[in-house]
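A.B. asks: This is the structure, below, for whatever I ask next.
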Amino acid sequence: MNKLIVDGGSPMRGEIKIQGAKNAVLPILAAAIMGDGGCVIHNCPWLRDVEKTGVVLSQLGCEWKRDGGDIYVDASDMNDCRIDERLMREMRSSIIFLGAILSVCGKAEVGLPGGCPIGLRPIDLHIKALRQMGVLVKEEHGYLNCECPRIKGADIHLDFPSVGATENIMLAAVKADGRTVITNAAREPEIADLSNFLNAMGADIRGAGTSVITINGTDRLHGAEYTVMADRIVAQTYLIAAMMTGGEVMLTGAEPQHMQAGLSVLAEMGGKIKKNSNGVYIKCDSRPRSVHILRTMPYPGFATDAQSPFVALAAIADGTSVFVENIFENRFRYADELARMGADIKVEGRSAVVRGVERLYGAHTEAYELRGGAALVLAAAAAEGRSEITGVEFIDRGYEDIEGNLSRCGIRINRVRV
Ligand code: EPZ
């Protein structure tokens, strides 16, 4: 176990190369098991969730290795179609392997993923869609047992534009018999990244990034080489770090077109933003302004994963901000930890009223989940005095070397092992 020690108050100044997107690399690694021949994935961040995905690949009998930011996957010797319950509980997003395993093996047995601190995380939309594609799905003894010798293309309307369900349908459809059309599909950029990778493997997918995705099944997929998109949530987190500490940062590799909603809010709150082909730059030399009301929405709306970092920013802004969390039912738990630092946040169900205070003060806080943990780091960097943050393993799930990136930009932060 380890913790982060942060001595707040130093302005962030410097440049950060933005890591590859966690939520793109996970489904892309699942897709890699479908190729006849090896795949090489570039710009992979080294995260706990990527490490755990490697454990899943090994459990399925696939060969994989990492060389810096490159991951090589060869599924030629894949000899299993099962992901055990313990692994699924450790990383519920492994459910994204379901469509790929079914496509390769015609059957799959995966532990039910269960919920997490931010919500129940049901998978009913995944199951309903797979059944429409002819998959026999039985839920028994904590496992999903799926059988389908030959997946059939289908017209699938998603009741909610679920990212994971959209990805699982794409993975099941690329080698199915016939055509699959997904309507009300998720439009997140990570879906388009997965589609680009699958098409590089020989798939025939059109419309990814829009709400209608058409997949024409093909007989086989070959290996491919691909570079993962930049992480838009990590980028927004570091932009907020600069705003909260009255500094400036250049994020090389960040893709502004993937975070228009967040950039618009940062500008409204006083950030001076410059965008170019190299990335995104921000400077803020005055107290941030509050934002009237901010609702999380499916993409291209304001991202739920950016909600907690923005609440940390609003906690020291001039004025009162209201946040409405429309995607997950329990995504304000970190607010209690921010309150220990002097933040004034009133949470009522899916809404949080944040009254900005002049200053936060260092405290001992605990991360319970990934993005809430990131918000604690941001608050500690802006606070007066020393903070200690435990539960760092949650932050490590999505942020590669967070203390290295921030300390190289002047934030006094280090990791100690306890
Ligand atoms: C992905 O989760 C991301 N994770 C999440 O990022 C992100 O917050 C979420 O999309 C929304 O953008 C990965 O990509 C690994 P959903 P996912 O299916 O696919 C409901 C992070 O911090 N729903 O779009 O699980 C669900 O309960 C993580 O990086 C159903 O009701 O999200 C939720 O309310 C957190 N039934 C909403 O849809 C289903 O079958 C959005 O879920 C599936 C989802």
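A.B. asks: With every protein chain left in place and a probe of 1.4 Å, what is the accessible surface of Ile118, to the nearest 10 Å²?
C.D. replies: 10
A.B. asks: Hey, what did region 106-254 get for relative contact order, percent, Cα under 8 Å, at least 6 apart? Could you put the intermediate results ahead of the total?
C.D. replies: Values: 252 pairs, mean separation 25.6, N = 149.
Relative contact order for region 106-254 comes out at 17 percent.
A.B. asks: Also, quick follow-up: Among Gly398, Val347, Ala129, whose Cα projects farthest towards the positive end of the dipole of the chain, with charges put on the beta-carbon of Lys, Arg (+1) and Asp, Glu (-1)?
C.D. replies: About the Cα centre, the residue reaching furthest to the positive side is Val347.
A.B. asks: Can you give me the angle between helix 22-31 and the longest principal axis of the chain, using Cα atoms only, in degrees from 0 to 90, rounded to the nearest 10?
C.D. replies: 10
A.B. asks: Based on the Cβ-Cβ distance of Tyr72 and Arg415, what FRET efficiency does E = 1/(1 + (r/R0)^6) give at R0 = 35 Å, to the nearest 0.05? Walk me through the intermediate numbers first.
C.D. replies: Values: r = 29 Å, r/R0 = 0.82.
That gives a FRET efficiency of 0.75.
A.B. asks: Suppose accessible area is computed on protein heavy atoms with a 1.4 Å probe; arrange Tyr334, Tyr281, Tyr72 from highest to lowest. Don't skip to the answer; put the middle values down first.
C.D. replies: Details: Tyr334 10, Tyr281 45, Tyr72 80 Å².
Correct descending sequence by accessible area is Tyr72, Tyr281, Tyr334.
A.B. asks: Here is a further query. Let me spell out the model: positive unit charges on the Cβ of Lys and Arg, negative unit charges on the Cβ of Asp and Glu, origin at the Cα centre of the chain. What dipole size does that give, in debye rounded to 20? Mind dumping the intermediate values first?
C.D. replies: Details: 46 positive and 52 negative charges, 162 e Å.
The calculation lands at about 780 debye.
A.B. asks: Which are the unpartnered cysteines of the chain, meaning those with no other cysteine Cβ under 4.7 Å from their Cβ?
C.D. replies: Cys39, Cys44, Cys62, Cys116, Cys146, Cys148, Cys284, Cys409
A.B. asks: Let me ask something else. Over the chain, calculate the relative contact order: mean separation of alpha carbon pairs under 8 Å at least 6 apart, over the residue count, as a percent. Could you put the intermediate results ahead of the total?
C.D. replies: Working: 1076 pairs, mean separation 88.2, N = 418.
Rounded, it is 21 percent for the chain.
A.B. asks: Cα axis of helix 163-173 to longest principal axis of the chain: angle in degrees, 0 to 90, nearest 10?
C.D. replies: Once rounded, the angle reads 20 degrees.
A.B. asks: Turning to a different aspect of this structure: Pairwise over distinct Cα atoms, reciprocal of the mean inverse distance: report the Kirkwood radius of region 22-227 in Å, one decimal place. It would help to have the intermediate numbers written out before the result.
C.D. replies: Details: mean 1/r = 0.0607 Å⁻¹.
The answer is 16.5 Å.
A.B. asks: Continuing with this model, one more query. Sort out for me the Cα centre separation of region 1-78 from region 282-344, rounded to whole Å.
C.D. replies: Value for the Cα centre distance between the two parts: 28 Å.
A.B. asks: Under 17 Å between alpha carbons, and skipping anything fewer than 8 positions from Lys275 in its own chain: which aspartates and glutamates qualify?
C.D. replies: Glu15, Asp231, Glu248, Glu255
A.B. asks: I want to check the label-to-label distance for Asp124 and Asp285. Put each point 7 Å from Cα in the C-beta direction and report it in nm to one decimal.
C.D. replies: 5.4
A.B. asks: Would you work out the charge dipole size for region 22-227 about its Cα centre, treating the Cβ of every Lys and Arg as +1 and the Cβ of every Asp and Glu as -1, and quote it to the nearest 20 debye? Intermediate results must be reported in sequence, preceding the final value.
C.D. replies: Details: 21 positive and 27 negative charges, 81 e Å.
That gives region 22-227 a dipole magnitude of about 400 debye.
A.B. asks: Which one, Gln257, Met244, Asn79, is farthest towards the positive end of the dipole of the chain when Lys and Arg carry +1 and Asp and Glu -1 on their Cβ?
C.D. replies: Most positive-ward Cα: Met244.
A.B. asks: In addition: Within region 138-186, list the trypsin sites (Lys or Arg not before Pro) lying in a DSSP loop whose Cβ has at most 15 other Cβ atoms in a 10 Å radius. Before the final figure, lay out the partial values.
C.D. replies: Values: sites: Lys138, Arg150, Lys152, Lys175, Arg179; in loops: Arg150, Lys175.
Of the trypsin sites (Lys or Arg not before Pro), the ones in loops of region 138-186 whose Cβ has at most 15 other Cβ atoms within 10 Å are Arg150.
A.B. asks: Still on this model: For region 52-196, compute the number of Lys pairs whose alpha carbons are separated by less than 29 Å, excluding pairs fewer than 8 positions apart on the same chain.
C.D. replies: For region 52-196, the number of qualifying lysine pairs is 17.
A.B. asks: In addition: Evaluate E = 1/(1 + (r/R0)^6) for Lys272 and Glu384, where r is the Cβ-Cβ distance and R0 equals 25 Å; express this FRET efficiency to the nearest 0.05. Don't skip to the answer; put the middle values down first.
C.D. replies: On the way: r = 24 Å, r/R0 = 0.98.
So the FRET efficiency works out to roughly 0.55.
A.B. asks: Which distance in Å, rounded to a whole number, links the C-alpha centroids of region 155-184 and region 81-153?
C.D. replies: One Cα centre to the other: 14 Å.
A.B. asks: Estimate the FRET efficiency between Arg150 and Glu225 by the formula 1/(1 + (r/R0)^6), using the beta-carbon distance for r and 35 Å for R0, to the nearest 0.05.
C.D. replies: Working: r = 30 Å, r/R0 = 0.85.
Using R0 = 35 Å, I get an efficiency of 0.75.
A.B. asks: Relative to the present Cα-Cα distance, how much length would full extension add between Arg82 and Gln132 at 0.36 nm per residue of separation?
C.D. replies: Values: separation 50, 0.36 × 50 = 18.00 nm, distance 2.19 nm.
Fully extending the segment from Arg82 to Gln132 adds 15.8 nm.
A.B. asks: Further, regarding this structure: Using the per-residue mean of other Cβ atoms lying within 10 Å as a proxy for protection, in what order, highest first, do the peptides 81-93, 247-259 fall? Don't skip to the answer; put the middle values down first.
C.D. replies: Working: 81-93: 17.5, 247-259: 20.6.
Per-residue mean Cβ counts within 10 Å order the peptides as 247-259, 81-93.
A.B. asks: Please give, to one decimal in nm, the separation of the simple spin-label points placed at Thr183 and Asn330, each 7 Å out from Cα toward the Cβ.
C.D. replies: In this crude spin-label approximation the distance works out to 3.6 nm.
A.B. asks: Name the residue from Ile215, Leu338, Val174 whose Cα lies farthest towards the positive end of the charge dipole of the chain, charges +1 on Cβ of Lys and Arg and -1 on Cβ of Asp and Glu.
C.D. replies: Leu338
A.B. asks: Quick one: helix 189-200 against the long Cα principal axis of the chain, what's the angle to the nearest 10°, folded into 0 to 90?
C.D. replies: Here the helix axis deviates by roughly 40 degrees.
A.B. asks: Let me ask something else about it. Suppose the chain between Arg89 and Gln260 were pulled fully straight at 0.36 nm per residue; how much longer would it get relative to their current alpha carbon spacing?
C.D. replies: Values: separation 171, 0.36 × 171 = 61.56 nm, distance 3.35 nm.
Difference between extended and current length: 58.2 nm.
A.B. asks: Could you pull out which residues in region 163-189 have an amide N less than 18 Å from a spot 7 Å beyond the Cα of Asp204, following the Cα-Cβ vector?
C.D. replies: Label zone hits: 170-182.
A.B. asks: If you don't mind, there's one more thing I want to ask. Quick check: with the 1.4 Å probe, what order do Tyr361, Tyr368 take by accessible area, largest first? Let's see the in-between values first.
C.D. replies: Numbers: Tyr361 115, Tyr368 60 Å².
Reading off the accessible areas and sorting them downward yields Tyr361, Tyr368.
A.B. asks: Within region 203-239, report the trypsin sites (Lys or Arg not before Pro) that DSSP leaves as loop and that have at most 13 other Cβ atoms within 10 Å.
C.D. replies: Values: sites: Arg206, Arg220, Arg232; in loops: Arg220.
Answer in residue order: Arg220.
A.B. asks: Still on this structure, I have one more. Take every DSSP beta bridge whose two residues both sit in the chain, then give the antiparallel share in percent to the nearest 5. Please list the in-between numbers first.
C.D. replies: Values: 58 of 84 bridges.
Here the share of antiparallel DSSP bridges comes out near 70 percent.
The values are calculated or read from the model by the stated rules, or taken from the named source; none is laboratory data. In this text the structure is predicted, and so the values were computed from the model without any measurement. Quick reminder, even Gly has a Cβ in these numbers, built from the backbone with ideal geometry, and neighbours come from all protein chains shown. The accessibility values were calculated without ligands, DNA or RNA, using every heavy atom of the protein model including side chains. Shrake-Rupley method; radii C 1.70, N 1.55, O 1.52, S 1.80 Å.
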